[in-house]
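> What follows is a structure written as structure tokens; I'll ask about it next.
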Amino acid sequence: MRDEPAIAVQEVCRTFGDIVALDQVTLTIPRGIVFGFLGPNGAGKTTMIRLLLGLLEPTGGTARVLGFDVPQDGRQVRERTGALLEHAGLYERLSARQNLDFFARIWRLGGAERNRRIAELLDRMSLLDRAHETVGNWSRGMKQKLAVARALLHRPELVFLDEPTAGLDPVAAAELRNDLAELSRGDGVTVFLTTHNLAEAEKLCDLVGVIANGRLKALGTPEQLRSQEKGKELTIRGRGFDGELLAQLQRRPDVVEVKTAIDGIKLRLESDAPVAPIVREIILGGADVEEVVRGKGSLEDFFIELMEEEA
Amino acid sequence: MSDWWTVVRKEIIEMVVLWRGRGKIHFLMLIGVFGIYFPWSIGPKWITSPATMLSFTWFPLMMVTSITADAFAGERERHTLETLLATRLPDHVILAGKLSAAVLYGLFFLWLFVLSGLVTVNTVHAKGGWIFFSRSLFTGFVLLGTLGALFAAALGVIVSLKSSTVRQAQQTLNLAIIGLIVVAVGVIAFLPDAWRQAIGQRIARGDSMQLVLAGAGLLVALDAAALYAARRMFRRTRLLV
């Protein structure tokens, strides 16, 4: 079973009445990587996590997690996985320590190991000095950190994290990203995360899947997906980009799109378009060009392009 | 067993936290009214009359239903149930743990009121020697109290799983309990006169062991049906749909 991928789903479908939440999704995620599942709200990301945890049954297809058939051996799957679902799901009347203690007992951590692990995780999340506070009074970011700690408590082989950095301040989000990267690269844990933060996915994920309307639209490394983006971006900073010049650029066959920005313009070019003639035309058109930056394309650009096509 | 106790323990800690906060005054008022005031004003009859047993075995039902609504509909509303379902705990352990905690909660209050009532009556109205419940009344407290609390808890699960909020679950459960009382009174009203007289005489004599056992038998049947329905409904793959 150790040779099987962390997750292998084959033509998985899930419907709720007339609504198709997952439509023939096929996906294989190797062990020990960070997988990012991207998609707009309602795309099917949370349904997929619930299904992989055995909280929902598929209406079609097969789903295997860590070598176990999910509908058949859901308990075996949950024994080996940790999860932070859509909501932090903390007991708000209890303290942080009581919350972790309850879950540590569920995962059968012994007395000394339980106390050590709880202290270690609270410390890692910078919550140790607030361990005895009732979590109901905490900020969303603090609750989120505690929920992440809860998901990692029993050192699972696979962690599902639904928007783990939502509500975290930039420093805490960066720290969590480092922790997740370390968890995957250092401890060999597989991380399945959903996020709306595409820059985060680009930095953190080894493999990315994009889902829309329940269908898997793209799957690959961030590099592979970026290279699928149609055209390339050119940012030109300066002054004097008047309407006539913009219209002239828009008429060029190698220019796909012209957008104005605060400090200049952004052009989307055909992928094989040479840049020099375009810059020359801009200068001859009377604009003062201060800087020309050729964009490498980003996961965000690819994602937006994909969603526009979908729409 | 340890998984079951883990769930029970967490539920008890939550109840204690709830009572320790703003519930402290509420708690003292309940003890004052049901454990001291009523026994004091009714006197020794509070111990000898079967009416005490009948009214007190209903009381935990209300307590149990409110706690069950919070443990199931409340957890779903607060999104903690989904997290709990994503753990290694089997469905039946989560269900049994939460049911047990609710029953223990109801029984804790039942026996708290019964014991404080006994102490109050014996202290205020003592006329040499302690008076205690008859064998049938004591059996009634133990059997009907426990089985009634279990029924209320199982009914609480069924209603809570069909309700989207705690408030809705509590309202439905309160109506259900009132409905049960109305049905019970209605059934008694439709009994033949001879039967009613015989029951009345037995109750008046305090010789009601057979009635207690009959009531317990009925409750066992109701408990079995309600627990079966609750078990069928409490399946993680159905709870989040």
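The values are calculated or read from the model by the stated rules, or taken from the named source; none is laboratory data. What you see is a predicted model; the values in this text were computed from it and never measured. Reconstructed Cβ throughout: ideal geometry from the backbone, glycine too, with neighbour counts over all protein chains shown.
> Within the stretch A:269-282, track down each residue that is touching a helix residue (DSSP H, G or I) at 6+ places or on another chain (Cβ under 9 Å) and crowded, with 18+ Cβ neighbours inside 10 Å.
Matches in the stretch A:269-282: A:L269, A:I278, A:I282.
> Going by the conditions given, is A:D73 more than 16 Å from B:R88 (Cβ to Cβ) and either at pLDDT below 95 or acidic (D, E) (or both)?
For A:D73, the condition - more than 16 Å from B:R88 (Cβ to Cβ) and either at pLDDT below 95 or acidic (D, E) (or both) - is not met.
For every residue, the table says whether it meets (1) at pLDDT 90 or above; (2) under 23 Å from A:V77 (Cα atoms); (3) not acidic (D, E).
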residue: A:H154; (1), (2), (3): yes, yes, yes
residue: A:A172; (1), (2), (3): no, no, yes
residue: A:S184; (1), (2), (3): no, yes, yes
residue: A:D187; (1), (2), (3): no, yes, no
residue: A:V191; (1), (2), (3): yes, yes, yes
residue: A:A201; (1), (2), (3): no, no, yes
residue: A:L207; (1), (2), (3): yes, yes, yes
residue: A:R215; (1), (2), (3): yes, no, yes
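> For B:A69, are the conditions met, namely being closer than 26 Å to A:R78 by Cβ, of a type in the set (A, V, I, L, M) and surrounded by 22 or more Cβ atoms within 10 Å (Cβ to Cβ)?
When the stated conditions are applied, B:A69 does not pass them.
> Say whether the condition of being part of a helix (DSSP H, G or I) and touching a helix residue (DSSP H, G or I) at 6+ places or on another chain (Cβ under 7 Å) is met by at least one residue in the stretch A:250-261.
No: the stretch A:250-261 contains no residue that is part of a helix (DSSP H, G or I) and touching a helix residue (DSSP H, G or I) at 6+ places or on another chain (Cβ under 7 Å).
> Follow-up. Quick one: which helices (runs of 4 or more DSSP H) sit completely within the stretch B:9-89 and have at least 2 residues that are under 30 Å from A:A147 (Cβ atoms) and within 14 Å of chain A (Cβ to nearest Cβ)?
Answer list for the stretch B:9-89: B:80-85.
> Based on what the data block shows, is A:V65 touching a Gly at 6+ places or on another chain (Cβ under 7 Å) and either in the same structural domain as A:E202 (by TED's automatic domain parsing) or under 25 Å from A:A166 (Cβ atoms) (or both)?
Spelling it out, it is not the case that A:V65 is touching a Gly at 6+ places or on another chain (Cβ under 7 Å) and either in the same structural domain as A:E202 (by TED's automatic domain parsing) or under 25 Å from A:A166 (Cβ atoms) (or both).
> Suppose we keep only residues that are surrounded by fewer than 19 Cβ atoms within 10 Å (Cβ to Cβ) and more than 9 Å from every other protein chain (Cβ to nearest Cβ) within the stretch A:98-113. Which one would you say is nearest to B:L85 (Cα to Cα)?
In this case the residue turns out to be A:G110.
> Now for a different question. Any idea which residue in the stretch A:159-174 is surrounded by the most Cβ atoms within 10 Å (Cβ to Cβ), counting only those that are touching a residue at least 40 places away in the same chain (Cβ under 8 Å) and charged (D, E, K, R)?
Checking each candidate, the answer is A:D162.
> For the stretch A:2-22, give me the residue count where each residue is at positive phi and in contact (Cβ under 8 Å) with a residue 12 or more places away in the chain.
Qualifying residue count, the stretch A:2-22: 1.
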